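Beneath this line is the structure, given in structure tokens, with notes to follow.
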């Protein structure tokens with residue numbers, strides 16, 4: 001067993017803003033008009049009943065819900081701006097206080113480069129567990145998304161992913177695959193095992209859920225009804241739109257963002273109508289359609305700024321955000337994956353993002369190279385260090401030291417150098433040298449480091465009774481759902 005390093009969130013000392021108040025107001029007006037006049041396709045009878053009871057216009061035959069602007073504003077006003085994402089131990093809790101930016105792995109990958117053979121294959125539950133351990137070790141990872149899918153358990157993969165995550169990290173876990181009402185009840189049971197009691201689960205929820213809306217302007221039964229289960233239990237639930245400019249969204253950035261925002265807001269309104277004050281969050285991760293292939297491009301040059309605008313739209317509605325970061329269309333770790341990571345991460349942090357996800361996957365968030373999470377972590381820490389600002393205190397100017405050394409002197413042997421040089425953070429990937437003093441290839445260093453983490457880092461295991469309870473819940477789900 002080894003100690004999990006202290007979390008190092010990004011805490012910007014300076015901020016920026018992309019949209020001015022007039023532009024934000026224009027976005028809000030557009031979203032409210034879409035919800036009131038166009039509406040959202042909602043095939044869930046349970047959700048339609050909640051909308052109807054609270055004054056929305058529901059066409060049950062067409063499964064269409066139109067939400068008046070006043071109802072949207074009234075419902076969203078109940079959503080909390082700040083809350084805590086709990087972990088197994090309080091020191092790893094994430095306080096969404098508007099001051100810190102916590103990041104997670106990417107999720108739902110379907111293939112991996114094997115940890116040992118380096119061959120490409122389908123992902124398994126063991127991959128989920130291994131990446132949870134690696135993520136537990138990294139101070140850049142604030143919370144864990146199951147990076148890849150447990151394809152060796154196809155029917156109940158989401159629950160197996162949650163169980164593997166809880167067993168291999170002390171950090172908060174967020175599922176993005178529990179999209180069924182019955183399965184959601186089992187996931188809530190698992191969260192209760194980790195929390196220990198209902199009060200603790202509501203104040204420090206160890207599990208949260210992300211639900212994707214369906215572009216354009218639609219919800220699905222399983223997603224909305226599982227979201228309601230999470231919200232009833234006090235577990236945070238958020239909604240993400242992945243509208244695609246030119247296909248599932250208009251062929252303009254603003255038009256796609258407005259339609260995507262309407263999808264997210266309609267879902268958050270549902271949660272607040274059913275359970276006022278339930279913790280929820282907003283996530284905008286649109287893409288741009290490639291005009292020749294029709295492919296979803298998450299990192300086209302014009303496709304990065306919408307992630308940042310999504311942060312500001314979330315805060316306009318008064319809720320935390322899950323920002324889009326790191327996701328790359330690159331096919332292997334290298335120049336493209338690094339270049340496509342820096343911009344969104346830096347800008348989302350500067351605009352005050354609360355959380356973000358995307359470390360570790362390539363090929364449009366489908367392929368896991370295990371070492372990629374370490375390379376992404378290096379980029380994360382560069383942004384974190386730069387946004388922390390520069391110390392301009394009297395001691396930092398070191399005027400007495402400068403006077404002491406004087407012209408043509410040298411600082412190497414000065415005590416001040418020995419004391420302060422140790423405080424500077426250096427890369428553990430790109431500045432590693434061999435016996436001859438030559439820098440080593442960062443990719444090779446990262447591969448070796450991954451192996452070292454798996455051999456040496458073993459988080460405090462769950463108590464045996466809790467491990468048995470999780471297995472019992474999985475067995476019960478297997479009998480009912482499989």
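Exposure proxy shown here: for 257, 361, the number of other Cβ atoms within 10 Å sets the order, fewest to most, as 257, 361.
Percentage of Cα-Cα pair distances in region 75-231 greater than 24 Å, rounded to whole percent? In whole percent, the share of Cα-Cα pairs in region 75-231 beyond 24 Å is 34. The C-alpha atoms of the chain define a longest principal axis, and helix 253-274 lies at about 70 degrees to it.
Remark on region 251-359: hydrodynamic radius 14.6 angstrom, per the Kirkwood mean of 1/r across alpha carbon pairs.
Of all beta bridges that DSSP places with both ends in the chain, some 35 percent have antiparallel geometry. Computed from the C-beta positions of residue 60 and residue 481 and an R0 of 30 Å, the FRET efficiency is 0.60 to the nearest 0.05.
Axis angle, to the nearest 10 degrees, between helix 305-316 and the longest C-alpha principal axis of the chain: 70 degrees.
Sorting 12-20, 465-473, 405-413, 223-231 by average packing, meaning the other beta carbons within 10 Å per residue, from highest down gives 223-231, 465-473, 12-20, 405-413. Over every Cα atom in region 189-267, the radius of gyration and the widest Cα-Cα span, Dmax, amount to 15.6, 49 Å. Helix 335-350 and the long axis of the chain differ in direction by around 70°, with both axes built from C-alpha atoms. Report the normalised scattering of region 21-76 as log10 I(q)/I(0) at q = 0.24 Å⁻¹, calculated by the Debye formula with identical scatterers on the alpha carbons. Result of the Debye calculation: -0.90.
None of the figures in this text is laboratory data; all of them are computed from the coordinates on show. Fair warning: this is a prediction, and the values are worked out from it, not measured in the lab. So basically every Cβ, Gly included, is an ideal-geometry build from the backbone, and we count neighbours across all protein chains shown.
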